[in-house]
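Below: the structure, in structure tokens.
Derivation of every value follows stated rules applied to the coordinates shown; laboratory data play no part. The shown structure was predicted, so the numbers you read here are calculated from the model rather than taken from an experiment. Positions of Cβ are backbone-derived with ideal geometry, glycine not excepted, and every protein chain shown enters the neighbour counts.
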Amino acid sequence: MIESLRPSGAAARFDDLPPVTVLLVRHGQTAMTLSHGYSGSGEPGPPLDETGLAQAAAAADLVQRVGDDLWGDIERPDELIASPMVRTQQTGAVIADRLGLTLRTDATFQEADFGAWQGLTGAQIEERWPGQLEPWHSEGTLRPAGGGESLVDVAERVRAGMDRLRAGTPGRAGTPGRAVVVVSHAVAIRAMLGVALGAAPLSWSRLRVAPASLSIVRLFPDHRDEVAVVGAPSEGWGERR
């Protein structure tokens, strides 16, 4: 759409190219969330705890309102994807039930593989591999011991998934593109936001992505993407109007 027709505050564009809108939902709380352990894709668990299940329901409520009384300029979701981890599958199943969508699994959007760091806290990692944790977060190229992924590795993986979503944009002139819900993880979501912004890994850890929060990116065919929402909490939005 031309600039005069775009929502107030949206990134400037001067064309009518329709984006694919991606609603990034982080899974709800697990025991590892509370222990601050590095919980990656090296093992399928842990599952959501009682609080996490309630958070998943709140996230489903929030996603259901997108395109209705919240973010009315964004299309209502018509596709749902989750990483293969137990916690994302559980969160995705709640959203699927609420929206009446079929849940599809895609390992592209799974969490970083933390290798030998899996399950350890930051203090334990620093004790066993002194001086490695900070550059993993800031430099982006360091890989954890035991075959883990660097942030650059995660970025390349999720970039490929984002491009597959982007390529599926309906090219119908005068109509908006589709919206897709992707249930994923903290590091993977930060990487997707960073890729959309063209930002270096050094800045990704500054993005707050709480459990069951919602972030929104809009992927355009020309790769001039827009980040519309970062880490909106799933609770506290009041009653539907």
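In order along segment 17-23, the phi-based Karplus estimate (6.51 cos²θ - 1.76 cosθ + 1.60, θ = phi - 60°) of 3J(HN,Hα) comes to 5, x, x, 8, 8, 10, 8 Hz; Gly and Pro are listed as x.
Projecting label points 7 angstrom from Cα along Cα→Cβ for GLU43 and ARG208 puts them 3.0 nm apart. For segment 20-78, the relative contact order is 33 percent, taking Cα pairs closer than 8 Å that sit 6 or more residues apart in sequence and dividing their mean separation by the residue count. Contact order, relative form, for segment 4-53: 36 percent (alpha carbon pairs under 8 Å, 6 or more residues apart, mean separation divided by residue count).
Residues in segment 126-143 carry Karplus couplings, in order, of 5, 5, 8, 10, x, x, 9, 5, 4, x, 4, 6, 9, 8, x, 10, 6, 9 Hz; the curve used is 6.51 cos²θ - 1.76 cosθ + 1.60 with θ = phi - 60°, and Gly or Pro positions show x. The slack between ARG224 and SER138, meaning 0.36 nm per residue of separation minus the straight C-alpha distance, is 28.5 nm. Between GLU43 and any residue 5 or more places off or on another chain, the built amide H atoms are never under 5 Å apart. Taking the average, over residues, of other Cβ atoms within 10 Å as the packing measure, peptides 15-28, 99-112, 122-135, 149-162 rank 15-28, 149-162, 99-112, 122-135 from highest down. In the chain, Cα pairs under 8 Å separated by at least six residues give a relative contact order of 29 percent. Amide H contacts for VAL229 (H built 1.01 Å from N in the peptide plane; partners 5 or more residues away or on another chain; cut-off under 5 Å): ILE216. Once backbone amide H atoms are built at 1.01 Å from N, SER184 has VAL25, ARG26, HIS27 as its partners under 5 Å, excluding neighbours fewer than 5 places away on the same chain.
The helix-only estimate of mean residue ellipticity at 222 nm for the chain, built from DSSP H runs of length n ≥ 4 each weighted as -39500 (n - 2.57), is -9500 deg cm²/dmol after division by the residue total.
Summary of packing: across the peptides 229-237, 40-48, the per-residue average of other C-beta atoms within 10 Å ranks them, highest first, as 40-48, 229-237.
The overall shape of segment 42-120, judged from the alpha-carbon gyration tensor, is prolate: a/c is not under 1.5, and a/b is greater than b/c. The string of couplings for segment 145-158 from the Karplus curve (6.51, -1.76, 1.60, θ = phi - 60°) is 4, x, x, x, 9, 7, 4, 5, 4, 4, 4, 5, 5, 6 Hz, one whole number per residue in order, with x for Gly and Pro.
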